[in-house]
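The values are calculated or read from the model by the stated rules, or taken from the named source; none is laboratory data. In this text the structure is predicted, and so the values were computed from the model without any measurement. As a convention, Cβ positions derive from the backbone with ideal geometry for all residues, glycine included, and neighbour counts pool all protein chains shown.
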Amino acid sequence: HLYNNRYAGDQVIRLIPKTEEEAYALKKIYHQFRVDLWQPSSISYISEGTVTDVHIPQNASQALLAFLQQANIQYKVLIEDLQKALERSGSLQTHRNRR
Amino acid sequence: SVPGHNYEVYHSLEEIQNWMRHLNKTHSGLIQMFSIGKSYEGRSLYVLKLGRRSRAYKRAVWMDCGIHAREWISPAFCQWFIKEALLTHRSDPAMRKMLNHLYFYVMPVFNVDGYHFSWTNDRFWRKTRSRNSRFRCRGVDANRNWRVKWCDEGASMHPCEDTYCGPFPESEPEVKAVANFLRKHKKHIRAYLSFHAYAQMLLYPYSYKYATIPNFSCVESAAYKAVNALRSVNGVRYRYGPASSTLYVSSGNSMDWAYKNGIPYAFAFELRDTGHFGFLLPEVLIKPTCTETMLAVKNITMHLLKKCP
């Protein structure tokens, strides 16, 4: 597996905070879980209506998703398993070269 | 243009640099490879100068790819651009005109250390790989490290953040090298183009403030025509406009710096997609992405050649 399978179980989710309160809550939780923000490039940009794409590690996804569900913050899963998506994104030639 | 080099797959830094060396040897009438400095980890920062050699004065366009390491479609586009130029400069009147009248300085991988790290360790690394002995985190956002409202809104003072602006402007040797080159050649560099991903946008200044640039008319019409041309290829929609209102406010970025330092036409592309694959744009989408972007770049260049002062 590429990258020693480190991204197995990681997800990328999309959230669009509907209120400033939701945006604040998201910023706080992103800091807490040290998520990898795909967009925007900085947590400081997040406010009501901002499209945020977040890469959450496998060991944090359960807690983070539980928080989102509890806070009634809607989200959409963009990438269910990042490792699988990574393996699929390259061609056989690329994977062979990398190995 | 290079036997065995597949432009529809992502390449490692070593492969890209080998490709550049090969072109330098085999296409010396149109390509010159040179180094503008060294990265933090000591890698050469290579640029390709593309264009028909001429003793007459020629203006230039600067293009850089791979400022952010994880945006792999960006270096893929720079390679595609060179390939297309070499393949079509005889058959395509627009490309022939571009290479006759202009030089293109193309930097396929700006952030060489970060790009190598994204291949070998962390696919989603963004920053450079510089170290600061005072902090445990590495890297600076190479697009927040320029001396234009440095470390203001949209940049972070915290070394562990992905938008860390650095300890001071141009602290990153990569940024310093490109800035020095652009300062030295600014009198004849007419346009600055930087390629990123992902958002499907064509942006122009300002990024650091909400304001209209003095030459808005020509820049806006170039962007409008470019996104329309891009869309005509595969139907993909790109938004366009000033970076501050189209994307978000960010200070210390290269596009604003280039503009402030006298390069009158500065653009930043955010290539495909809008989030379905994000940074993991599949290789099967390299060709359509690069084909449509190629048309946009040609459009901008021709517009600037013909219509703008």
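Within region B:140-160, if we keep just the residues that are of a type outside the set (A, V, I, L, M) and in contact with a Gly (Cβ under 7 Å, 6 or more places away or on another chain), the residue that is nearest to the other protein chains (Cβ to nearest Cβ) turns out to be B:ARG144.
Among the listed residues B:TYR40, B:TYR115, B:TYR7, identify the single one that is of a type in the set (Ser, Thr, Tyr), under 30 Å from A:SER89 (Cα atoms), at pLDDT 95 or above and over 18 Å from the mean Cα position of the chain (by Cα). Sole residue among the options that is of a type in the set (Ser, Thr, Tyr), under 30 Å from A:SER89 (Cα atoms), at pLDDT 95 or above and over 18 Å from the mean Cα position of the chain (by Cα): B:TYR40. Does region B:110-126 contain any residue that is within 14 Å of another protein chain (Cβ to nearest Cβ), assigned to a loop (DSSP other than H, G, I, E, B), out of contact with any helix residue (DSSP H, G or I) (no Cβ under 9 Å at 6 or more places or on another chain) and surrounded by fewer than 19 Cβ atoms within 10 Å (Cβ to Cβ)? Within region B:110-126, none of the residues are within 14 Å of another protein chain (Cβ to nearest Cβ), assigned to a loop (DSSP other than H, G, I, E, B), out of contact with any helix residue (DSSP H, G or I) (no Cβ under 9 Å at 6 or more places or on another chain) and surrounded by fewer than 19 Cβ atoms within 10 Å (Cβ to Cβ).
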